[in-house]
């Protein structure tokens, strides 16, 4: 960063000319002042070497998106969960922010059972499993349900290992049929 003029940071990217990026793209502190200072080293995405005004065309948001995609591809290959936040509703599901990259969360993948009100889940950081990634199309599909089912399976395995024949346990009656009753023992 070689200078800050009004709402723009002037950034030297090693070309004949500098580029300008809105300081809002770099974030602001709690008082609303930009966190960027002259002399800071930042990562930006070089879109074009020169525009009509002779400036380099650069973007911090695109650099952040590229960083996120590279990070997420590594996570996807290792089949690990990724932290994200549900930020909006779209047709058939929700938009999830994965730290710079947007992903699609299908309505069927929000929870194990259908959810009527997603309000309490909105804006909270939580783990998601990446189901599909397509970089050329810019498409990521995630699931919260896969993470919940995995945790539930672990609970089930643990509970089954603790159960002893003839022991007395507390449970909740879930359903009564002609041939008996279904009792929830906490996951089973």
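Structure above, values below:
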item	result
Over the chain, relative contact order from alpha-carbon pairs under 8 Å, at least 6 apart, %	12
Antiparallel %, DSSP beta bridges [both residues in the chain], to 5	90
Antiparallel content of DSSP bridges confined to segment 84-188, in %, to 5	90
Inverse mean reciprocal Cα-Cα distance (Kirkwood Rh) of the chain, Å	20.6
Principal-axis tilt of helix 60-78 within the chain, Cα atoms, nearest 10 degrees	40
Gaussian network model of the chain, springs between alpha carbon atoms under 10 Å - residue of 178, 111, 97 with greatest fluctuation	178
Inter-part distance where segment 102-117 and segment 57-76 are each reduced to a Cα centre, Å	25
Angle in degrees between helix 145-162 and the longest Cα principal axis of the chain, rounded to the nearest 10	40
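No value in this document is a laboratory result; all are computed from the given coordinates. For clarity, every value in this text was computed on a predicted model and none was experimentally measured.
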